[in-house]
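Notes for the one structure printed next.
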Amino acid sequence: MGTKRIVPAQTAERIKELGYRVRLARTRRGMSIAELAPKAGINRNTLNALELGKPGVALGTYVTALWALGLDKTLDTVAHPDADIHGKTLEASHRPARVRKSQQKSKNEYDF
């Protein structure tokens, strides 16, 4: 018997919102679940679970569904390093205050 994974409430809400957005994109295109599922290479039950925001749906399934809808490029900004203000601040705090020039030895030890 498997263990049930508990998803934080905020995460569950974000997953439901993403599922709703996929459903909205599909309906705006006038596509049924039966039409989108084979285009995305998934079965109808999986697509339905995705649109309902079930947390067990794999990330690859979301990306494939977005690709089938022509929305895969919208993922370019997800977790983009330039948008990670907190990470960039932490990185900057670990940089040395002063950078020293590297000293390279001459090929000829006797060269003045």
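Of the accessible area of the chain, computed with a 1.4 Å probe over protein heavy atoms only, carbon and sulfur atoms account for 54 percent.
Put simply, the chain fits an ellipsoid with semi-axes of 49, 19, 15 Å; these come from the alpha carbon gyration tensor as the roots of five times its eigenvalues, largest first. Of the trypsin sites (Lys or Arg not before Pro) found in segment 3-41, the ones in coil according to DSSP and having at most 15 other Cβ atoms within 10 Å of their Cβ are Lys4, Arg5, Arg29.
Annotated for the chain: lysine pairs at least 8 residues apart or interchain, Cα distance under 21 Å, count 6. Over the chain, accessible surface divided per residue gives 87 Å², non-protein components excluded, 1.4 Å probe. Taking all protein chains as they are arranged and a probe of 1.4 Å, the heavy atoms of His86 leave approximately 130 Å² accessible to solvent.
The values are calculated or read from the model by the stated rules, or taken from the named source; none is laboratory data. Just so it is clear, the structure is predicted and the values come from calculations on it, not from any experiment. FYI the Cβ positions are ideal-geometry reconstructions off the backbone, even for glycines, and counts take in every protein chain you see. Quick note on the areas: whole protein, heavy atoms, side chains included, nothing else; ligands and nucleic acids left out. Shrake-Rupley method; radii C 1.70, N 1.55, O 1.52, S 1.80 Å.
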